[in-house]
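Before any comments, here is the structure.
Values quoted throughout were computed directly from the atomic coordinates according to the rules given, and no laboratory measurement underlies them. From a predicted model like this one, the values you see are computed outputs, not experimental measurements. For neighbour counting, all protein chains shown are included, and Cβ atoms are generated from backbone atoms with ideal geometry for every residue, glycine included.
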Amino acid sequence: MNPADGAVTIRRMESSARQRWTLIAVCATTFMLLVDITIVVVALPSIQRAFGAGLSGLQWVVDAYTLTLAAVILTAGALADRYGRRAVFVTGVVVFTLGSLLCGLAWNIAVLDVARAIQALGGAALFATALALIGHEFRGPARFGALAAWGATVGAAVACGPLFGGILTDLLGWRWIFYVNIPVGIFALVVALTRIVESRDENARRTDVAGLLTFAASLFLIVYGIIRGNALGWTSASIVAT
């Protein structure tokens, strides 16, 4: 084998390894952030007993996460195209992991609700960059395989959330449904910093910060109205105002 062929082989091996690690990191974080939508549901009775929380506070343990995730995800995607997908992904991992730690350490229901919103900010960055990172790293038939693996991860996360929540709550206590995210986050952070290559949309427009914030706030209010409308009444002042 001549030196040129050897160099090509090495580059292909490096590319293949980078693809595998990128897919593993993206699927692991996607699983983590989607599991956290449903994993808390079975732990709510334990959380209520721990804090003596009312129904409204418990409702926000779920809603603070889903509302923030839905409101911020498109904004996170726009920022990733402009400033770099790996940068936004790494930021999402750090924010989600710290939010999970704060959820586990929460000393009252209000702190837990706020920590869930922080988690969702990181989750939005992770979800918004997932397909972009896969699309940049994979080409041709390999891309379809990677997308299939990611899609299977999404389905598994939705199905496994309540099961994992019940097991962790029974064996270790409700705080561990959040602590379990920390090693996954650390692993994903190491992989992202060492294996994932930076990419961005070179044709991305200048970031309209005011527009992005307005859009996120508007989407937050719309989703809030949809989620809380049944509980508060569709004609109540707070729902009509949203």
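Values computed for the structure shown
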quantity: Cα centroid of segment 31-103 to Cα centroid of segment 150-164, whole Å; calculated: 16
quantity: Extension gain from ARG18 to ASP201, taking 0.36 nm per residue of separation minus the Cα-Cα distance; calculated: 63.9 nm
quantity: Simple label model, 7 Å out from Cα along Cβ direction - SER218 to THR66, nm; calculated: 2.3
quantity: ³J(HN,Hα), Karplus 6.51/-1.76/1.60, whole Hz, each residue of segment 182-196, x for Gly, Pro; calculated: 5, x, 5, x, 5, 4, 5, 5, 4, 4, 4, 6, 10, 10, 8
quantity: Quotient of Cα Rg and 2.2 N^0.38 Å for segment 10-199, N being how many residues it contains; calculated: 1.05
quantity: Gain upon complete extension [TRP176, LEU98; 0.36 nm per residue less C-alpha separation]; calculated: 26.7 nm
quantity: Farthest toward positive dipole pole in segment 10-199 [+1 Lys/Arg, -1 Asp/Glu at C-beta], among THR29, GLY161, ALA149; calculated: ALA149
quantity: Karplus-derived HN-Hα couplings along segment 131-137 (A = 6.51, B = -1.76, C = 1.60, θ = phi - 60°), whole Hz, x at Gly and Pro; calculated: 5, 5, 5, 5, x, 6, 8
quantity: In Hz, Karplus ³J(HN,Hα) per residue of segment 108-124 (6.51, -1.76, 1.60; θ = phi - 60°; x = Gly, Pro); calculated: 7, 5, 5, 5, 4, 4, 5, 5, 5, 5, 5, 3, 5, 4, x, x, 5
